Amino acid sequence: MSNMIIDKDGVRRYVVSITVNGDEYTKMVKSNTLLVNFLRDALDLTGTKKGCELGDCGSCTVLLDGKTPINSCLMLAVEADGREFITVEGVASHEKLDHIQEKFIEHGALQCGYCTPGMILSAKALLTRNPKPTEHEVREAIAGNLCRCTGYINIIKAIMDASGQEIPM
Amino acid sequence: MYLPDFEYYAPDSIAEACKLLSQFGPRAKVLAGGTDLIAKMKNEVLKPEILISIKKLDQMKKIEYVPGKGVVIGARSTHNDLVNSKVLNEKYLSISEAAHQMAANQVRNAGTVGGNISNAVPSADLPPIFIALNAAVKVTGVKGERSLALEDVFAGPGKTNLTQDEIITEVIIPDQKMTGSNYIKFGLRGAGALAVVGVAVAVQVENNVIKDARVALGAVAATPVRAKKTEEFLKGKKVSDEVLAEAGVIASGECKPISDVRASAEYRTDMVRVFTKRALRAAIDKGHV
Ligand SMILES: Cc1cc2nc3c(=O)[nH]c(=O)nc-3n(C[C@H](O)[C@H](O)[C@H](O)COP(=O)(O)OP(=O)(O)OC[C@H]3O[C@@H](n4cnc5c(N)ncnc54)[C@H](O)[C@@H]3O)c2cc1C
Ligand code: FES
Ligand code: FES
C-alpha cells in the first residue's frame, strides 16, 4: 500500500483520511486500530460506546455515509479510509438538540444512558429512510441495540412520537 | 478488546488480491465485512498475520439480472443489499426474506454474501436458500476463474474446497422452473440469534402436482446439506398435508445434527421434520420463488 510507512520501531503505520461529523481527519493508524478506538482515543469523541466489542450490542453504532448504521467495533480504521461517518456528537447540527434527542428526554427513554448514542443513531437512520415507520419497523431497527435498563418501551414511544405518529400504549 | 498486529493490503484488482493470497499462503486471509473475521481475531480463534481487504473491488458489489445467465450477486453485496435489491424482490423474494432474518441491522449492513459462504459455518443463513435455488459460485484464483455448485463449496465446519489463493466473486442464481421457494430460520430470538435449524425449499408445482423439489438444511450437519431422499420422495406427488408431513419425516432422517448450547440433537432432528413440512407448505402457497 502506498500510504504506509514503517516507523523507527518497525511498526507499520497507515495514513487514513476519515470524515466524522463533517470534519475530515488525516491521521496515522496501525492496521489493528478499530474504528471505535480511533473515534474515542484519536478524536476524543467518546459518545460512541464500547459494550460487547463483538457486534452484538450496538453501543458502538455509527452511521456510515451519514445513513447506514454499522458497529464501529468490527470495522478497522484502515477500512474506513476515505469514508464519512456520523457519531452521536454529530446528530444535533447546532446547539439545539435533534428532534429525536428531545423525544428521548421527553419520554424518559434512557436510564444509565449507555445504549443511548447507538439507539439515537439507529432511530435517526430509520426515520431518515422511513419517516413514518410502523411500531414493528421501529422494533426491528433497534433490534441490534441492546438496552439493559429501560425495557425498550419508552424508547419505542420516543421514536414513534418523533415520527409524528400516535404513541403506542 | 484489542486486535493483534497484522499487515494490511487493499489491492485494486481481483488479480492482485489473488496474487497476494498466493504469495503469503495460509498466513493471509481475505477481509470483507469483518463481522466474522474481526470477532474471531478478537477471540483469538483466528490469527492471520496478513489481511487482504477486498473493499476496493467494486465489481464484486452488484446485484443484477443477466439474460441467459440468471441473477448475479456480487460477493461483496451486504445482507441488507439483498434485502433491498429490486432485482431480488422481483425475482427471488425468498433470498431477500432469508437475508432479512439474519443478525440485526448493523451486521446486515456490513456482513457480506461472500463472507457468509466462505465462513462455512453450518448455521449460516444464506447457503440453504442458495442451494435450494441451485446456485453456483464463481471463484477467481491465480490460475483463473472457475465455477462450482454452491453445495460443493463446503468441506466441513469452517472448511471450504477453495484453494488459498481463491476469492469468491459471484453467486449466480440460474433461471429456473421452480414456482415457489422459502427459507425458515428457527433461532432462539427474533433477531441476533444464529439458526438452531434452517430449512430452505424450492418446488415446481403444476396442477397441484410436485414436478420438482430441492430441500436444503442448515445447522443440522457438518455443512449445509441437501435432503435428497426427501426431494426424490416429493417428485410426482400430489400436494397434500399427508405428503408434506411424510416429507418432513424423511428429511428428519437425513440430517446429522450435534447437541450444543443452542439445542440438543434430538430437538434439532424433530424441528427439521416440522420446518420442512412448513417450508414446503409456504413455498407452495405463496407462489413466488
Ligand atoms: C452479532 C452477529 C450476528 C450474526 N448473525 C448471523 C446470522 O443470523 N446468520 C448468519 O448466517 N451469520 C450471522 N453472523 C455471522 C456473519 O455476520 C456472517 O456470516 C457474514 O455474512 C460474514 O460476512 P463478512 O463479510 O463480515 O465476512 P468476514 O468476517 O470479512 O469474513 C469471514 C470469512 O470469509 C472469508 N471471506 C470473506 N469474503 C470472502 C470472499 N469473497 N472470498 C473468499 N473468502 C472470503 C474471510 O477470509 C473470513 O475467513 C453474525 C455475526 C455477528 C457478529
Ligand atoms: S461494542 Fe460494538 S456491538 Fe457491542
Ligand atoms: S439506558 Fe442503560 S442500557 Fe439502555
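Each value in this text was obtained by applying a stated rule to the coordinates, not by laboratory testing. Nothing here was measured: the structure is a model prediction, and the numbers come from that model. With ideal geometry, Cβ positions are generated from the backbone for all residues, glycine too; neighbour counts draw on all protein chains shown.
Worth pointing out:
- Debye, to nearest 20: dipole size of the protein assembly as shown, +1 on Lys, Arg Cβ, -1 on Asp, Glu Cβ: 880
- With an a/c value of 1.5 or above and a/b not larger than b/c for the gyration tensor axes a ≥ b ≥ c computed over the alpha-carbon atoms, segment B:150-289 is described as oblate.
- Comparing A:L146, A:V36, A:S72 along the charge dipole axis of segment A:22-169, the residue lying farthest to the positive side is A:L146, per the Cβ-charge model.
- Debye intensity ratio in log₁₀ form over the Cα atoms of segment A:18-111, taken at each q of 0.10, 0.13, 0.22 Å⁻¹: -0.27, -0.44, -1.15
- Shape of the protein assembly as shown, Cα gyration tensor, a/c cut at 1.5: oblate
- Derived value for chain A: Kirkwood hydrodynamic radius 16.6 Å. Basis is the mean of 1/r over every pair of different alpha-carbon atoms.
- Comparing A:H107, B:G192, B:T223 along the charge dipole axis of the protein assembly as shown, the residue lying farthest to the positive side is B:T223, per the Cβ-charge model.
- For segment B:1-118, the fraction of alpha-carbon pairs in successive 5 Å shells from zero, as %: 2, 11, 19, 20, 18, 14, 10, 5, 1, 0
- Shape class of segment A:41-90 from the alpha-carbon gyration tensor: rounded, with the ratio a/c of largest to smallest axis under 1.5.
- Cysteines not pairable in chain A (beta carbon separation under 4.7 Å absent): A:C112, A:C149
- Charge sum, other residues only, whose C-beta stays under 15 Å from A:L97's C-beta, Lys/Arg counted +1 and Asp/Glu -1: -3
- Centre separation in Å (Cα based) which lies between segment A:22-64 and segment A:89-143: 19
- In this simple spin-label approximation, A:T19 and B:D5 carry label points 7 Å from Cα along the Cα→Cβ vector, and these lie 3.3 nm apart.
- Estimated from helices alone, the mean residue ellipticity of chain A at 222 nm is -6500 deg cm²/dmol (sum of -39500 (n - 2.57) over DSSP H runs with n ≥ 4, per residue).
- Divided by 2.2 N^0.38 Å, where N counts the residues, the Cα radius of gyration of segment B:58-173 comes to 0.98.
- Over chain B, DSSP H runs of length four or greater, each weighted -39,500 (n - 2.57), average out per residue to a 222 nm ellipticity of -9500 deg cm²/dmol.
- About the centre of its Cα atoms, chain B shows a dipole size close to 240 debye [charges on the beta carbon of Lys, Arg (+1) and Asp, Glu (-1) only; nearest 20 debye].
- A simple packing score, the average count of other Cβ atoms within 10 Å per residue, orders the peptides B:277-287, B:29-39 as B:29-39, B:277-287, with the highest score first.
- Per residue of B:37-50, other chain Cβ atoms within 10 Å of the residue Cβ number 2 on average.
- The mean number of partner chain beta-carbon atoms within 10 angstrom of a residue's beta-carbon across peptide A:25-33 is 3.
- Cα centroid separation, segment B:230-265 to segment B:117-163 (Å): 23
- In chain A, the sites counted are GluC sites (Glu not before Pro) in DSSP loop states with at most 13 other Cβ atoms within 10 Å, and the longest stretch holding none of them, exclusive of the sites, is A:1-94.
- Comparing A:S59, A:S31, A:S122 in a Gaussian network model of chain A where C-alpha atoms under 10 Å apart are linked, the largest mean-square fluctuation is found at A:S31.
- A simple charge model with +1 on the Cβ of Lys and Arg, -1 on the Cβ of Asp and Glu and nothing else charged puts the dipole of chain A at about 280 debye relative to its Cα centre.
- Sparsely packed trypsin sites (Lys or Arg not before Pro) within segment A:1-42, loop by DSSP, other Cβ within 10 Å at most 13: A:K8
- Partner chain coverage, peptide A:62-69 - average Cβ within 10 angstrom: 3
- When Rg and the Kirkwood radius Rh are both evaluated on Cα atoms of chain B, their ratio Rg/Rh stands at 0.98.
- For segment A:99-162, the fraction of C-alpha pairs more than 13 angstrom apart is 54%.
- Using a Förster distance of 25 Å, the FRET efficiency for A:D44-B:R189 (Cβ separation, nearest 0.05): 0.10
- When the protein assembly as shown is described by a simple charge dipole with +1 on each Lys and Arg Cβ and -1 on each Asp and Glu Cβ, the residue from B:V203, B:A15, A:A92 located farthest towards its positive end is B:V203.
- The GluC sites (Glu not before Pro) found in segment B:11-55 that occupy coil by DSSP, while having at most 10 further C-beta atoms within 10 Å, are B:E44.
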